[in-house]
1. Determine, for R269, R193, the number of other Cβ atoms within 10 Å of each Cβ, and report the residues in order from fewest to most.
2. Quick one: net charge around V352, please, counting Lys, Arg +1 and Asp, Glu -1 for every other residue with C-beta under 14 Å from its C-beta.
3. Based on Cβ point charges of +1 for Lys and Arg and -1 for Asp and Glu, what charge dipole magnitude is obtained for the stretch 262-443 about its Cα centre, in debye rounded to the nearest 20?
4. Once the piece of chain linking A114 and D374 is laid out straight, how much longer is it, given 0.36 nm per residue of separation minus the C-alpha distance between them?
5. Rounded to whole Hz and in sequence order, give me ³J(HN,Hα) for the stretch 179-194 from the Karplus expression 6.51 cos²θ - 1.76 cosθ + 1.60, θ = phi - 60°, writing x for Gly and Pro.
6. May I ask you to sort V231, V225 by Cβ crowding, counting other Cβ atoms within 10 Å and putting the fewest first?
7. Please name whichever of A115, L270, P239 sits farthest to the positive end of the charge dipole of the chain, dipole taken about the Cα centre and charges placed at Cβ: Lys and Arg +1, Asp and Glu -1.
8. With an 8 Å Cα cut-off and a minimum separation of 6 or more residues, compute the relative contact order for the chain in percent.
Amino acid sequence: MCGILGILGPEPVAPYILNGLVAIQHRGQDAAGIATFSSRLHLRKKFGLVRDAFKDEDVAELPGTLGIGHVRYPTVGLGDVADAQPMFVNCPYGIAMAHNGNVTNFSALSRELAAHEHRQINSSCDVEVILNVFADGLERAKVLPLPQACAEAARAVYARVKGSYSVVAAVHERGLVALRDPFGIKPIVYGRRNGLHVVASESCVLDAIGAEVVRDLRPGEVFVVDLDGNVTSKQVAPPNHHPCVFEYIYFARPDSLLDDVSVYKTRMRLGKHLAELVRERGLEPDVVIPVPDSARPAAQAVAEELGVKLREGLLKNRYIGRTFIMPSQAERRRSVRHKYSPLRLEIEGKKVLVVDDSIVRGTTLKGLIQMVRDAGAKEVYVASSCPPIRHPCVYGIDMSVRGEFIADGRDEREIEKLVNADALVYATIPGMLQAASVGNPGIRHFCKACMDGHYPTGDVTEETLREIESERLKSHGQIEAAAPAKRH
């Protein structure tokens with residue numbers, strides 16, 4: 001899961017892109033990149049957080065009124081800075097591109113591009129294949145006006161590129177282009193401000209730069225803003241909307257709207273659902289404690305529904321990144337005690353209900369439960385806003401290896417014992433879907449493949465799972481690497 005941003009306007013866009021990337025820093029902590037066009041391409045890509053990667057002098061060296069930005073979250077470990085986004089091809093026109101998602105046929109498409117289009121893929125980053133398919137399509141259709149040419153290029157992308165992807169592209173001396181795959185698994189939204197046209201992963205970006213939300217891009221749509229500010233869009237592929245439900249549970253900022261659904265209100269509704277399950281289990285906590293930060297709205301709702309005090313019993317070190325998206329299990333273990341510290345006054349002698357957004361590997365949760373016990377809790381219960389995660393995600397979330405999930409092959413009671421909880425309550429899939437769909441009844445399906453194993457794109461085979469799993473293991477040095485792994 002990464003963060004993307006594209007801006008076209010009447011003034012230099014680099015400062016706006018920088019502010020926007022800070023707003024979606026939660027979507028990627030590994031590397032950041034910005035590309036702008038003036039008379040030529042200006043590109044900066046560096047490891048680290050946005051505030052560390054870009055200084056005032058970097059922004060000054062990124063002139064132009066058209067540009068895109070990216071923050072990277074690597075699903076298969078750390079790569080070379082050359083694998084960071086945006087990426088660029090100089091023909092036709094000069095195109096810079098960034099994406100959020102995962103291309104499931106990356107290897108096959110790389111070979112196909114080399115054999116038939118004579119386009120060499122020189123990195124291990126998924127967006128390079130999208131960029132080259134788009135560029136090839138745009139080259140073939142360049143005699144057409146820009147909107148029609150981009151529609152033909154998008155048609156080629158949707159036909160050939162499998163998986164999930166939301167894309168922003170800057171076409172030199174032509175305009176800003178955005179794509180969303182036909183399943184709409186990854187979010188992307190459009191907004192405006194005083195002549196600025198902005199497309200971004202989340203609406204919180206628009207808030208950060210003072211832009212007004214206009215609408216979310218539709219699955220299978222191509223969206224074009226030319227240099228005069230004319231906006232055109234075309235439905236190129238039939239939509240089969242399956243937005244990722246994990247966005248609402250964990251990834252997105254609570255102040256964002258995704259497909260017209262409030263992330264914050266969804267998490268509150270999940271909390272009410274959890275409270276019902278806690279009652280059914282017969283649990284009577286003395287205090288509810290959220291795992292900061294994404295579990296806080298759900299914990300608040302749980303406490304209100306149960307009539308129990310909500311307290312900040314786990315204090316978070318703001319200078320430690322999100323442990324879920326750290327590139328290795330060892331780093332996650334080390335970071336738990338660096339990231340959190342218990343507040344004994346709110347824990348000692350009490351039956352504590354810890355509310356977390358999700359339980360993937362169980363590494364963080366087990367450490368937190370032990371912290372709460374060490375702080376004197378009488379009993380420790382756990383409630384998870386997300387149902388059990390049992391299947392690999394092939395669409396861009398760092399849970400792509402079968403067998404790494406604590407819920408794989410285990411029921412709730414077995415997991416309770418493994419994490420040393422006195423009781424464990426998971427949200428149900430129907431309850432989760434109800435909480436997410438209230439905000440937009442037009443969304444009939446969500447991607448929840450990591451929970452039920454049903455991959456909406458319909459092209460995920462056993463071979464696909466083995467290949468993606470192998471790539472991730474190679475990148476972490478767990479098996480001998482025979483080829484470079486994809487990194488997003």
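1. Working: R269 24, R193 15.
The fewest-first ordering by Cβ neighbours comes to R193, R269.
2. Values: positive: K309, R311, R344, K350, K351, R373, K378; negative: E284, D286, E312, E346, E348, D356, D374, E379, D422.
Net charge around V352: -2.
3. Working: 29 positive and 23 negative charges, 100 e Å.
Once rounded to the nearest 20, the dipole reads 480 debye.
4. Numbers: separation 260, 0.36 × 260 = 93.60 nm, distance 5.80 nm.
The span from A114 to D374 would gain 87.8 nm if fully extended.
5. 10, 9, 4, x, 9, x, 5, 9, x, 6, 10, 10, x, 9, 7, 6
6. Details: V231 16, V225 26.
Taking fewest neighbouring Cβ atoms as first place, the list is V231, V225.
7. Working it through, the farthest residue towards the positive pole turns out to be L270.
8. Relative CO of the chain lands at 15 percent.
Computed from the coordinates by the stated procedures, all read-outs in this text should not be read as laboratory data. The structure displayed is predicted, hence computed values, not measured ones. Quick reminder, even Gly has a Cβ in these numbers, built from the backbone with ideal geometry, and neighbours come from all protein chains shown.
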